[in-house]
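Student: Starting off with a structure, shown below.
Since every read-out is calculated from the coordinates, none of them should be taken as a lab result. Not measured: the values here are computed from a predicted model. In this analysis, Cβ positions are derived from the backbone assuming ideal geometry, glycine residues included, and neighbour counts consider all displayed protein chains.
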Amino acid sequence: MTNCEKIAPLISEYVSGTLDAKNLSVVQSHIGQCAECAKLASDFQSLTEALGNVPSKQPSLNFDGNLAKRLAELPKPSAKPHLSFSNLRSVLSVSPRRVMRQTLAFTAVVALGGLFLALNMRSATVDNSDILLAHCVQQHRIDAAAQPLSDLSAQALSARPDTQDPKTDALSDINDSENL
Amino acid sequence: MIGQWARDAVNFTQGICVDNPDKVLVNRCLAGDDYAFSEIIGRYKGKLYNYILRMTSDAEDAEDLTQEVFIRMYSSLDSFRRQSSLNTWLFRIASNICIDSYRRNKKHKAIAYSLDEPAFGDDSSESSHEAPDISYEPHRVFMRIETAGQIENALKKLPEKLREVVLLYDVEGISYEEIAQIADCPLGTVKSRLFNGRAQLRKLLTDYTSN
């Protein structure tokens, strides 16, 4: 590799102005002696200036509207579940023994909770049915006391006559014919 | 209503006056401020569009892919690590999108850039004998535009990785370190790609002018 081939990559940095002091003096001294490398440096300088002045173009007037339409189809970023890489790593780094311990503790808590609830529900059911029965008996007594003795519904079924009085039957027939 | 306007005005002023407006805008975006997101679009759409246009050489694709950059940004804003600047992050997304697009297109059509194709458009015969002109004299403005056209054409002929670095460094003015993050390669690779890209551009432009 000739000296020029070694220097050439540094010339690119020299044009960019990013060479350190040591390499800068090496390149400057070489350019002072080598016309070809001096031409390379000059061309690179012209090229970088021209690239910096290439006119920029603008996207179409529909750009913002089209982008808005596409964005509207996306969910809001805040609606997404937030799982950072560090969170994921901490989840993955849990030891199996710790998982077993946590699982057993969770199972015990669930079992105790279930037992407690079952007992409570059973006693609650018994208490509630006793109260309801007592309330019904009480209500029945009040209703029976309020009804007159002539009312057949207030009498026991065994005490009611099997056949009705003929007079009462005739009266009911008249009533029925009146209704017609 | 007036309160909302006042908040918008304060946010807008904050975005302009602080040392790192991008950081403020990102924080506001994360807080659900759509106005900040549109600010970011306004700041970056031109730069990203020009970069992608020169990478893809297709205006319609460039517009679509530039929108894709903002969509990806919007979707993954909560995963944005503040180790790099917003500028670096957006150009990295753009770079990845260009690579994806290049690979997709490569499957469908063979892209062959021929050095024999007309170098300077329809009126190449008139401009082909002009030396590259970087002067700023008013009477040479037309010639300078022709030179810009020559550069655009020469850029299209560069290999993708070299073009990426040349565009980011010489056109966008992004530092070596940031380009290393964007292109996901070591610093030395950025420098060597820049040198090779410039050398190839020089050769292409010398060939044009000598023709």
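Student: How many partner chain Cβ atoms sit within 10 Å of a residue's Cβ in peptide B:190-202, on average, as a whole number? Don't skip to the answer; put the middle values down first.
Tutor: Numbers: counts 0, 6, 2, 1, 8, 9, 2, 2, 10, 8, 0, 6, 6.
Counting other chains' Cβ atoms within 10 Å and averaging over B:190-202 gives 5.
Student: Would you please put B:156-164, A:53-61 in order of how densely packed they are, using the mean number of other Cβ atoms within 10 angstrom per residue and starting with the highest? It would help to have the intermediate numbers written out before the result.
Tutor: Numbers: B:156-164: 17.8, A:53-61: 13.1.
The densest-packed peptide leads the list: B:156-164, A:53-61.
Student: What does the charge add up to near residue B:168, with Lys and Arg as +1, Asp and Glu as -1, over the other residues with Cβ less than 15 Å from its Cβ? Before the final figure, lay out the partial values.
Tutor: Values: positive: B:47, B:54, B:92, B:161, B:163, B:191, B:193, B:198; negative: B:160, B:164, B:170, B:172, B:177, B:178, B:184.
My count for the surroundings of residue B:168 gives +1.
Student: To the nearest 0.05, how large is the calculated FRET efficiency for residue B:175 and residue B:103 if R₀ is 25 Å and r is the Cβ-Cβ distance? Working shown, then result.
Tutor: Details: r = 27 Å, r/R0 = 1.10.
Calculated value: 0.35.
Student: Mind ordering B:52-60, B:167-175 by average Cβ neighbours within 10 Å, highest first? Show your work: numbers first, answer last.
Tutor: Details: B:52-60: 18.6, B:167-175: 20.2.
Per-residue mean Cβ counts within 10 Å order the peptides as B:167-175, B:52-60.
Student: Another one. Could you compute the net charge surrounding residue B:193? Neighbours are other residues with a C-beta less than 10 Å from the C-beta of residue B:193; K and R count +1, D and E count -1.
Tutor: Details: positive: B:161, B:163, B:191, B:198; negative: B:164.
Spelling it out: positives minus negatives among the neighbours equals +3.
Student: Evaluate peptide A:37-48: per residue, the Cβ atoms of other protein chains within 10 Å of its Cβ; return the mean as an integer.
Tutor: 4
Student: Using only atoms on other chains, find how many Cβ atoms lie within 10 Å of each Cβ of peptide B:62-68 and report the average. Display every interim value, and only then the final one.
Tutor: Details: counts 2, 6, 4, 0, 3, 9, 2.
That average works out to 4.
Student: For residue A:66 and residue A:118 in one chain, what is 0.36 nm times their gap in residues minus the Cα-Cα distance, to one decimal in nm?
Tutor: Numbers: separation 52, 0.36 × 52 = 18.72 nm, distance 6.01 nm.
That works out to 12.7 nm of additional length.
Student: So, one more: Mind checking the alpha-carbon convex hull of the range B:170-211 and giving the volume per residue in Å³?
Tutor: Values: hull volume 2.6 nm³, N = 42.
Cα-based convex hull of the range B:170-211, divided per residue, equals 61 Å³.
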